[in-house]
Amino acid sequence: MSLFSAVEMAPRDPILGLNEQFAADTNPNKVNLGVGVYYDDNGKLPLLACVQKAEQAMMQAPKARGYLPIDGIAAYDSAVKNLVFGADSEPVKSGRVATVQGLGGTGGLKIGADFLKRLNPNAKVLISDPSWENHRALFTQAGFEVQSHRYYDAAKRGVDFEGMLADLQAAAPGTIVVLHACCHNPTGYDLTPAQWDQVIATVKAGNLVPFLDMAYQGFGQGIAEDGVAVAKALAAGLSFFVSTSFSKSFSLYGERVGALSVLCQDKAEADRVLSQLKIMIRTNYSNPPTHGGSVVAAVLNTPELRALWEEELAGMRTRIKQMRVALVEKLKAAGVKQDMSFITTQVGMFSYSGLTKDQMVRLRNEFGVYGTDTGRMCVAALNSKNIDYVCASIAKVV
Ligand code: PMP
C-alpha cells in the first residue's frame, strides 16, 4: 500500500488527448481541426506585429521583474475596462467596475467562480447545452452544482431559443448563468441582438446572475459588435461578471493573459468586491505574471499599436469568414449533397458540422482529419492548402 495506491487514473482531456493522437499520426496529409487555435494561411500560429513591436519597445528599455500587485498591472486592468465597457462609459468613469488580471480567460472564470461560491454557496450554475468543456468542470471544481439550459437545436441547425428562454425562466433566483458573449464554443451559433434583449430581460426578471464569458472579442463580427451582450446587460442596470481572454485575439495563448471584471452598483461596492477578488488571487497564485499583461497593456494603450492590433484582428476575422465560405463551396464541389450553407451563419473559430461521432472517427482514422467526436471543427485551422483535402475527406464519410 502506498499513499497513492487508491488514486484513480483521470480520463484524458478530450481535446488534449486528440492532440496527442494527432502528433503520433504518420499520415502526411493530417489536419488538426480539434483544438481552438487560429492558424494563418500557411498553417502557422501567428505572432502579431503589434505584439512584436510592443516587445521590441520593451527590450529597448528592459525592466526588472518585481512582483506585480495582486490584481495585476494597473494600466492593463484599465485597458480591459475600456475595451469591455468603453473608455468614456459611465461605469468606467464612476469607478464601479472591479477588474483583475487573470491567467487567461480560464483564470478570470475561476476567480469569479471562487468569489461567487463564497457569496452564495447554494447557488446553482447554468451553462449552455453544449458548452466549452471546461465550464462544467471549472464550476463543479469550485463547488457548484452545474446544470445546463437548452441551446443547440441539431434539427434546426441553430439555437433552440424558446427552449433556452424557458430554462432561464425556470431557474431559481440567484442562479449563475454562464453566457458566451460571442462566438459560441462549440456550436458557432450566437444570439441575435434582439434575442439578447430577451435573455437579459429574463435574467433581470428572474434575479439571475449573469457571467459573460468573452473569450473571442473581435473574432466574430468586430470588437464593438461582439460586445453587444455586455452593452445590453449594462443598459439593463444589472450587476454582472465578464471574463476576458486575449489568448485568441492577441494570439498569446501561452502567455495566459485574461481578466475578470465585475460590474457593481457603485464605486464603494466595487472597492469591496475587488478586495475579495484579491483574496481569491492571493491564496491561489499570489499575483499574476508580468510579460503578457505588459504586452497587451502596451498595445491597447498606445494608439499606433492599438490601430495595428485592430487591423490584424480584422485580418484573422476575415480569413475565418473566407474559410467558411470556401468550406461550403468546396464541400458541394466535392459531392456533398446536403446543404452545408449553415456553416456561413455560424461565427467565430468553430463550426458544429452536424457530422456524427462515427463520421468523425472515420475522418480521423482513415483520413487524418481531426475534429471532436461531437462534430466540432475549428475553421480557423483551415487554409488554402488543406481545405481541398478536408472537403474531399468529409465527402467520403457523409
Ligand atoms: N471560454 C471559452 C468559451 C473558450 O473557448 C476558452 C478557450 N478555448 C476559454 C474560455 C479560455 O480561454 P484561455 O485559453 O484564455 O484560458
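Which of (1) out of contact with any helix residue (DSSP H, G or I) (no Cβ under 6 Å at 6 or more places or on another chain); (2) under 21 Å from VAL84 (Cα atoms); (3) not aliphatic (A, V, I, L, M) does TYR189 not meet, given it meets every other one?
(2)
Of ALA23, ALA10, ALA75, which residue is more than 16 Å from the ligand (Cβ to nearest atom) and under 21 Å from HIS291 (Cβ atoms)?
ALA75
Which one is nearest to the ligand (Cβ to nearest atom), of the residues in segment 252-285 that are polar (S, T, N, Q) and surrounded by fewer than 22 Cβ atoms within 10 Å (Cβ to Cβ)?
Checking each candidate, the answer is ASN284.
Restricting attention to segment 214-234, does a residue exist that is within 16 Å of the ligand (Cβ to nearest atom), without any contact (Cβ under 8 Å) to a residue 60 or more places away in the chain, outside any loop (DSSP other than H, G, I, E, B) and within 18 Å of ARG136 (Cα to Cα)?
No, there is no match, as no residue in segment 214-234 is within 16 Å of the ligand (Cβ to nearest atom), without any contact (Cβ under 8 Å) to a residue 60 or more places away in the chain, outside any loop (DSSP other than H, G, I, E, B) and within 18 Å of ARG136 (Cα to Cα).
Quick one: which residue in VAL37, VAL84, VAL97 is farther than 21 Å from PHE350 by Cβ, within 16 Å of the ligand (Cβ to nearest atom), of a type in the set (A, V, I, L, M) and in contact with a strand residue (DSSP E or B) (Cβ under 8 Å, 6 or more places away or on another chain)?
Sole residue among the options that is farther than 21 Å from PHE350 by Cβ, within 16 Å of the ligand (Cβ to nearest atom), of a type in the set (A, V, I, L, M) and in contact with a strand residue (DSSP E or B) (Cβ under 8 Å, 6 or more places away or on another chain): VAL84.
What pairs come up if the first residue lies in segment 295-315 and is more than 16 Å from GLU55 (Cβ to Cβ), the second is among the small types (Gly, Ala, Ser), and their beta carbons are under 6 Å apart, counting only those six or more places apart or on different chains?
Taking only residues 6 or more apart or on different chains, the pairs are LEU313/GLY218; LEU313/SER249.
Report whether or not SER128 is within 16 Å of the ligand (Cβ to nearest atom), in contact with a Leu (Cβ under 9 Å, 6 or more places away or on another chain) and of a type in the set (S, T, N, Q).
Yes: the conditions hold for SER128.
Could you tell me whether segment 153-166 includes any residue that is at pLDDT 95 or above, over 28 Å from ASP339 (Cα atoms) and hydrophobic (A, V, I, L, M, F, W, C)?
Yes, segment 153-166 contains at least one residue that is at pLDDT 95 or above, over 28 Å from ASP339 (Cα atoms) and hydrophobic (A, V, I, L, M, F, W, C).
Name the single residue, out of those in segment 346-374 being buried (at least 18 other Cβ atoms within 10 Å of the Cβ) and of a type in the set (Gly, Ala, Ser), that is farthest from the ligand (Cβ to nearest atom).
Across segment 346-374, the extreme among qualifying residues is GLY368.
Being modelled with pLDDT of 95 or more, closer than 30 Å to GLN56 by Cβ and not hydroxyl-bearing (Ser, Thr, Tyr): is that true of MET316 here?
Considered against the rule, which asks whether it is modelled with pLDDT of 95 or more, closer than 30 Å to GLN56 by Cβ and not hydroxyl-bearing (Ser, Thr, Tyr), MET316 comes out as yes.
Collect the residues in segment 127-175 that are in contact (Cβ under 8 Å) with a residue 60 or more places away in the chain and in contact with a helix residue (DSSP H, G or I) (Cβ under 7 Å, 6 or more places away or on another chain), keeping them in residue-number order.
Matches in segment 127-175: GLU133, ARG157.
The values are calculated or read from the model by the stated rules, or taken from the named source; none is laboratory data. Keep in mind that what you see is a predicted model, and the values were worked out from it rather than measured. Neighbour counts run over all protein chains shown; Cβ positions are idealised from the backbone, glycine included.
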